[in-house]
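Take a look at the structure set out below.
The values are calculated or read from the model by the stated rules, or taken from the named source; none is laboratory data. Computed from a predicted structure; not experimentally measured. Cβ placement follows ideal geometry from the backbone for every residue including glycine, while neighbour counts extend to all protein chains displayed. For accessibility, only protein heavy atoms count, side chains too; no ligands or nucleic acids. Shrake-Rupley method; radii C 1.70, N 1.55, O 1.52, S 1.80 Å.
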Amino acid sequence: MARARPESVRMSPDRMFREILQQTDNLRAFLRSAIPDIAEHLSVDQAEVQSPLFSLDDWRYRETDLLFSIPLSEEDIRYRVMILIEHQTQTDRLMPLRTLLGAANFWERQWKEHEDAPTPRGTMELDPVIPIVLYTGSS
């Protein structure tokens, strides 16, 4: 019988940050630090973790690390806060493209859900996406 390989040490920090940021108090503190002007208006107690997997038309998929749906405190709008957790020793020069693709994939999911909804459908409105990159490598 083959023995299971131990989890890679590189994977441990990613899993740790995902688990820590899914705890309401930690998420609230992180958002207050990362986006202070917006964080005070978010109802973090009502945050919902969304699926980070996005299917592509060619049967491949893309994945973000964490994707939350968080409503505003005073309004009906639901902000989608995308948190990309990166643990790298070098700067990823493609990170702007990766965050753009993550937002676009989320909007495409919204579009498909709208098209699949029963008619008559209301007007489609895209939820705002706030990408946050947590980079812990050296500069």
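Where does the charge balance sit around Ala47 when Lys and Arg score +1, Asp and Glu -1, over other residues with C-beta under 11 Å from its C-beta?
Numbers: positive: Arg28, Arg78, Arg80; negative: Asp45, Glu48.
Once all neighbours under 11 Å are counted, the net charge is +1.
Between Arg15 and Ser69, with labels modelled 7 Å along Cα→Cβ, what's the label distance in nm to one decimal, could you check?
Inter-label distance under the simple model: 2.8 nm.
Given R₀ = 35 Å, what would the calculated FRET efficiency be for Ala29 paired with Asp58, taking r from the Cβ atoms and rounding to 0.05?
The formula returns an efficiency of 0.35 here.
Quick one: 3J(HN,Hα) in Hz for segment 28-45, Karplus 6.51/-1.76/1.60 with θ = phi - 60°, rounded, Gly and Pro as x.
Rounded to whole hertz, the list is 4, 5, 4, 5, 5, 7, 7, 9, x, 5, 9, 4, 5, 9, 8, 8, 4, 4.
Which ³J(HN,Hα) values, rounded to whole Hz and listed in residue order, are derived for segment 109-114 from phi using the Karplus coefficients 6.51, -1.76 and 1.60 in 6.51 cos²θ - 1.76 cosθ + 1.60 with θ = phi - 60°, glycine and proline given as x?
Working through the residues one at a time gives 4, 4, 4, 5, 4, 5 Hz.
Given a 1.4 Å probe and heavy atoms of the protein chains only, how would you sort Val49, Val44, largest accessible area at the top?
Result of the area sort, largest leading: Val49, Val44.
Can you give me the long-range amide H partners of Asp65? Hydrogens built in the peptide plane at 1.01 Å from N, cutoff under 5 Å, separation of 5 or more residues or another chain.
Here Ile85 satisfy the definition.
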